[in-house]
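Report on the structure given below.
The values are calculated or read from the model by the stated rules, or taken from the named source; none is laboratory data. A quick note: this is a predicted structure, and the numbers were derived from the prediction, not measured. All Cβ positions, even for glycine, are placed from backbone atoms using ideal geometry, and neighbour counts span all protein chains on display. Accessible surface areas use protein heavy atoms only, side chains included; no ligands, DNA or RNA. Shrake-Rupley method; radii C 1.70, N 1.55, O 1.52, S 1.80 Å.
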Amino acid sequence: MSAPSDTPQAPEVTEREARRVAEAAREQEWRKPSFAKELFLGRFRLDLIHPHPVSGAEDVRRGEAFLSRLRAFCETRVDGALIEREARIPDDVVEGLKELGALGMKIEPRYGGLGLTQVYYNRALALAGSASPAIGALLSAHQSIGVPQPLKMFGTQEQKDAFLPRLARTDISAFLLTEPDVGSDPARLATAAVPDGDDYVLDGVKLWTTNGVVADLLVVMARVPASEDHKGGITAFVVEADSPGITVEHRNTFMGLRGIENGVTRFHGVRVPAAHRIGPEGAGLKIALTTLNTGRLSLPAMCVGVGKWSLKIAREWSAVREQWGRPVARHEAVGAKISFIAATTFALEAVVDLASQMADENRNDIRIEAALAKLYGSEMGWLISDELVQIRGGRGFETADSLAARGERAVPAEQMLRDMRINRIFEGSTEIMHLLIAREAVDAHLKVAGDIIDPDKPLSDKARAGVDAAGFYARWLPKLVSGPGQLPNAYGEFRVPGHPDLSGHLRSVERSARKLARSTFYAMSRWQGRMETKQGFLGRVVDIGAELFAMSAACVRAEHLRADGDHGREAYQLADVFCRQARLRVEELFARLWSNTDAVDRRVVDGVLSGAYTWLEEGVIDPSGDGPWIADASPGPATGGNVHRPIR
């Protein structure tokens, strides 16, 4: 018998094949309007988000009632410090969440769930996550990307009847896509699902399975081989976690989120009934991406919770701690950080609430909005956490247990920083989110001009595409020259006596949207087929769009709160400050579209990879252990124990 290789046996695919798989999985059509899609095209469609959508009275009543129960539970039953110390959520806390109905927040009442709206689901996650980020992760992984959501959207009635009642009250679920050598490149997925009569037989290894250690039900992505009777392709299955042949080989531990039950799961000869397949063969990635259209909102929702907590701690601490005869908050260097935390928290909540309300209304396509919320929330939430640690100084670096042991308030700022770091990686890293959003942002261009820059297309297709592109750009480009953003009285409803003037910020958004669209067009004209390799440029385009979306959401939310008589003046102040800060960031990003170090960075990377700078690495000791960079994931039986422990 040959020794196992140092790398998993993932399929060998070219870059073009990988892109083809990803392209086939994305939703091709835009059947509903999209504010963010229009924004990237230079069209500021304020009418799509203003007036701010609102929840129905019954939805509010049920949502507020559950939040009250959840708050009482978290205050009396959840000890976040204990979860951090023991790196585990106590079983009785999980059982309490089940009894509360927290597993079924998004499941319809007819299946035993609570049927909360996306708005109140996200608020519940922010609340639970503030008590313990590990609990927020457990609930989110179960409902946002676990079995319930794909079943709701793509499952048969028989599957819903069989699984949703369990998932609403007793059973925890997990989502299994990632493999040791496969992350955001699913074309290389190695886990196989081979048809055998009325079953599929699963073999493979899945990594970073959040909830996988305690899960009762799994949604598993596996590759079905194509044959005469089977279309094949990456396919989604509901799998019982205690099925013979499933082994949770390892419970992973991390820098933060120490209480999450995340593991390595091996499948060896696991039989799954064909009736448990979700959707047709080959639809697995499309199901996963569609699920994430709203599922991604859970992560920025918890970032909002972190922002709110950080603001509270910054306010209380900065008023007490004195430096040179004044509270530190009165020193401009610290005050700027507090202003950033307050204004950005307001904007993050505005983004998440707006996107969630639009998800509930279901009249807009929010795939870009949800992705922007995830990207922006994770990046800004991390900055907020970092600024809080800086405001706290040495106490920010000290653990809560150590602070308590010497008689001070146990503020877990350093834990929050560690817990927040994963959000820039979870559910699509920042770099991958940039590429995903950029692809959607240029979709209109690729629809009319894609064949022109596609090297595989024949000349006849290129000629037809040239005619279509000429017509599209003849109509589109002139509209980017001028717009309402140049009219002094535009968006006058955001100019309210006694309040900061927000109309100027919206005019800036409109002008910037047109400028962004012109820049994107110029880049496509300049680089054509090489545009997809300009990841630095595309990332900045997306970051500009994220800032413009956040500015729009902040202004619309401020006006909504003012009209409702709910802290309107203060909301206008926060929106004004946030937009001023965001406009500075947008100016810098625009400048860096064309003046940057991308080209010289690539030369340095070439030098690093060729070993030209190994002399720079001398003078240190590498404390890393031995072993392969990527663990062997060859199919086969488990060789160790099973750490799976369902909570009953």
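Before moving on, here are some points about what is shown:
- Neighbours of Asp501 by Cβ distance under 14 Å: Lys/Arg scored +1, Asp/Glu scored -1, total +3.
- Computed P(r) (all Cα pairs; region 239-369; 5 Å bins; percent): 2, 8, 10, 10, 12, 13, 12, 10, 8, 5, 4, 3, 2, 1, 0
- All-pairs alpha carbon distance profile, region 267-320, 5 Å steps from 0, percent: 4, 14, 11, 12, 11, 9, 9, 7, 7, 6, 5, 4, 1
- Only protein atoms count toward the accessible area here, which uses a 1.4 Å probe; on region 81-158, the carbon and sulfur part of that area reaches 53 percent.
- Projected label distance in nm at Asp47 and His567, using a 7 Å step from Cα toward the beta-carbon: 3.2
- Rough spin-label spacing in nm, given labels placed 7 Å along Cα→Cβ, for Ala405 and Glu617: 3.7
- Estimated from the Cβ-Cβ distance and a Förster radius of 45 angstrom, the FRET efficiency linking Met255 and Asp606 is about 0.90.
- Each Lys and Arg adds +1 at its Cβ and each Asp and Glu adds -1 at its Cβ; summed about the Cα centre, region 539-648 shows a dipole of about 480 debye.
- Size of charge dipole - the chain - debye, nearest 20, with Cβ of Lys, Arg +1 and Asp, Glu -1, no other charges: 2080
- For the chain, the relative contact order is 18 percent, taking Cα pairs closer than 8 Å that sit 6 or more residues apart in sequence and dividing their mean separation by the residue count.
- Available extension along the chain between Lys447 and Leu383 is 19.4 nm, counting 0.36 nm per residue and deducting the alpha carbon span.
- Estimated inter-spin distance, Asp79 and Asn489, nm [label 7 Å along Cα→Cβ]: 6.6
- Sequence-distant residues sharing a close amide H with Trp208 (under 5 Å, placed H): Gly263
- Relative contact order computed over region 519-616 (Cα-Cα under 8 Å; 6+ residues apart), in percent: 26
- Stokes-Einstein diffusion coefficient of region 403-473, Kirkwood radius over Cα pairs, 4 °C, 1.567 mPa s, in µm²/s: 79
- Annotation: peptides 620-632, 485-497, 29-41, ranked by per-residue average of other Cβ atoms within 10 Å with the highest first, follow the order 29-41, 485-497, 620-632.
- Kirkwood estimate for region 392-531, i.e. one over the average of 1/r between Cα atoms, Å: 20.1
- Diffusion coefficient of region 71-158 by Stokes-Einstein, Kirkwood radius over Cα pairs, 37 °C, 0.692 mPa s: 242 µm²/s.
- Value at 222 nm in deg cm²/dmol, rounded to 500, when DSSP H runs of n ≥ 4 in the chain each add -39,500 (n - 2.57): -17500 deg cm²/dmol
- If the convex hull is drawn through the Cα atoms of region 564-648, its volume per residue in Å³: 396
- Divided by 2.2 N^0.38 Å, where N counts the residues, the Cα radius of gyration of region 482-586 comes to 1.25.
- From phi via Karplus (6.51, -1.76, 1.60), per-residue ³J(HN,Hα) for region 134-139 in Hz, x at Gly/Pro: 5, 5, x, 5, 4, 5
- In this calculation the C-beta distance from Asp242 to Arg330 is compared with R0 = 56 Å, giving a FRET efficiency of 0.40.
- Cβ-based charge dipole, the chain, positive-most Cα from Ile391, Ser482, Thr265: Ser482
- Under 9 Å, Cβ to Cβ, from Val119 - net charge with Lys/Arg +1 and Asp/Glu -1: -2
- Semi-axis lengths, Å, the chain, gyration tensor of Cα atoms, sqrt of 5 times eigenvalues: 37, 34, 27
- Virtual paramagnetic centre 7 Å along Cα→Cβ of Arg648, amide N under 20 Å, in region 97-113: 97-100, 103
- Efficiency of FRET from Cβ geometry, Lys32 and Val54, R₀ 22 Å, rounded to 0.05: 0.70
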